[in-house]
Every structure is written in C-alpha cells, then in structure tokens.
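Peer 1: One structure coming up, written as structure tokens, with questions to follow.
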Amino acid sequence: MKPILIDILFGVLGGVLAELFKHHRFVQETPGPMPDKFKGLYYWIVTIAMMFAGGVLTLAHKLTGAGLNPIIDLNIGASAPLMIGAFIARPPKVD
C-alpha cells in the first residue's frame, strides 16, 4: 500500500494541471496584454488554494476507503472546482 502522501501530491498536481489548462486556453483565446485580474495577489491566492483543494479532496476520498490510483488522484484534483461548486450548490440534508 502506497503512502497517502502520494495520493495527495497527485491530487495537487491534478489541480495544477487544471489551472495550467485554464490559463493556456485563456491565452490562446484572448489577444492582447494580460488582464489586471491576473496580476492581483487575491487572484493568485485563490488559484493556489484551488490547486491544494485537489489534494484535500483526494485525501477525503482516500479516507473514505476509495481505491485510488495516480490517474484517479489526478482526476479528483483537476475536478476540485467542480466538486466544490456542487457541494456549495446542494448542501447535504440533515435529518
């Protein structure tokens, strides 16, 4: 059994890859200089937090007993913003 840290690192890497893709797509589709929003500290703090959220969600999956491998870890990390959005949109029902 591999250390849980490896799962977390692959989850963070998935978040990094998703952010790289987002920035690459923006650069390809938007001519001209970089917008000011990319120069602000707040934007980069949120971006880095989303990358680490991939690791946190991977950890949560691992702790539930899910059988993970590096590809699944990457997928969880890359989809972190979507999962967080789903959590916020539909809070769980409490009986």
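Since every read-out is calculated from the coordinates, none of them should be taken as a lab result. Note that this is a predicted model, so its numbers are computed, not measured. When we count neighbours, we look across all protein chains shown, and the Cβ atoms used for this are built from the backbone with ideal geometry, even at glycine.
Peer 1: Look through the stretch 4-42, keep the residues that are more than 11 Å from the chain's Cα centre (by Cα) and among the charged types (D, E, K, R), and return whichever of them is surrounded by the most Cβ atoms within 10 Å (Cβ to Cβ).
Peer 2: Asp7
Peer 1: Another question, if that's okay. How many of the residues making up the stretch 43-88 are among the aliphatic types (A, V, I, L, M), exposed (fewer than 13 other Cβ atoms within 10 Å of the Cβ) and under 26 Å from Phe26 (Cα atoms)?
Peer 2: Filtering the stretch 43-88 down to residues among the aliphatic types (A, V, I, L, M) leaves 45-46, 48-51, 53, 56-57, 59-60, 63, 66, 68, 71-72, 74, 76, 78, 80, 82-84, 86, 88.
Still in the running and exposed (fewer than 13 other Cβ atoms within 10 Å of the Cβ): 45-46, 49, 63, 66, 71, 82, 86, 88.
Remaining after also requiring under 26 Å from Phe26 (Cα atoms): 45-46, 49, 71, 82, 86, 88.
Result for the stretch 43-88: 7.
Peer 1: Here is a further query. Test of understanding: among Ala66, Ala86, Ala49, Ala80, which residue is out of contact with any Ser or Thr (no Cβ under 6 Å at 6 or more places or on another chain) and in contact (Cβ under 8 Å) with a residue 24 or more places away in the chain?
Peer 2: Ala80
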